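As structure tokens, the structure follows; a few thoughts come after it.
The values are calculated or read from the model by the stated rules, or taken from the named source; none is laboratory data. Fair warning: this is a prediction, and the values are worked out from it, not measured in the lab. Positions of Cβ are backbone-derived with ideal geometry, glycine not excepted, and every protein chain shown enters the neighbour counts. Ligands, DNA and RNA are excluded from the accessible area calculation, which covers all protein heavy atoms including side chains. Shrake-Rupley method; radii C 1.70, N 1.55, O 1.52, S 1.80 Å.
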Amino acid sequence: IALALNENVRNARLYEACAHALHKLGEYKRAMDDAKKAAIIDGNSMAGIMRIASILAATGKPKDALDVITKGLNTVNKQAFRYTQMVVQRMSILTTVLVLGVTVAIVCDLQI
């Protein structure tokens with residue numbers, strides 16, 4: 001699974017790089033296609049989303065660009081919140097295990 005995730009991130013970065021180059025060349029339609037692919041492949045990254053917004057702004061659609069950024073931030077923030085909750089939960093479990101381990105070690109020392 002980790003290999004597949006890394007492959008997705010790599011592919012998203014390649015699409016984002018292509019979108020960046022095409023954007024610089026003024027190939028906005030092709031740049032938008034690649035930026036959308038990057039955002040779909042790796043929804044955790046703001047790079048594709050920001051590229052879409054940049055292209056929209058460059059083509060005279062600043063309100064659409066702002067909407068894309070807002071939606072992207074909301075999505076990433078929700079994912080970051082869920083990830084943070086998972087980390088806190090795992091840290092709580094680890095802390096409990098460590099406390100129990102220390103408690104067991106102390107009890108064992110007292111019984112010796």
Assuming R0 = 25 Å, what is the FRET efficiency of Lys78 and Asn6, from their Cβ-Cβ distance, to the nearest 0.05?
0.65
Below 13 Å, Cα to Cα, which aspartates and glutamates can Lys37 reach? Residues fewer than 8 away in the same chain don't count.
Glu16
Order Leu73, Leu56 by their accessible area, 1.4 angstrom probe, all chains in place, largest first.
Leu73, Leu56
For Ile52, Ile69, what's the largest-to-smallest order of accessible area, 1.4 Å probe?
Ile69, Ile52
Provide the per-residue ³J(HN,Hα) series for segment 16-29, in order, calculated from phi with Karplus coefficients 6.51, -1.76, 1.60 and θ = phi - 60°, each as a whole number of Hz, with x at glycine and proline positions.
5, 5, 5, 4, 4, 5, 5, 4, 4, 7, x, 8, 5, 5
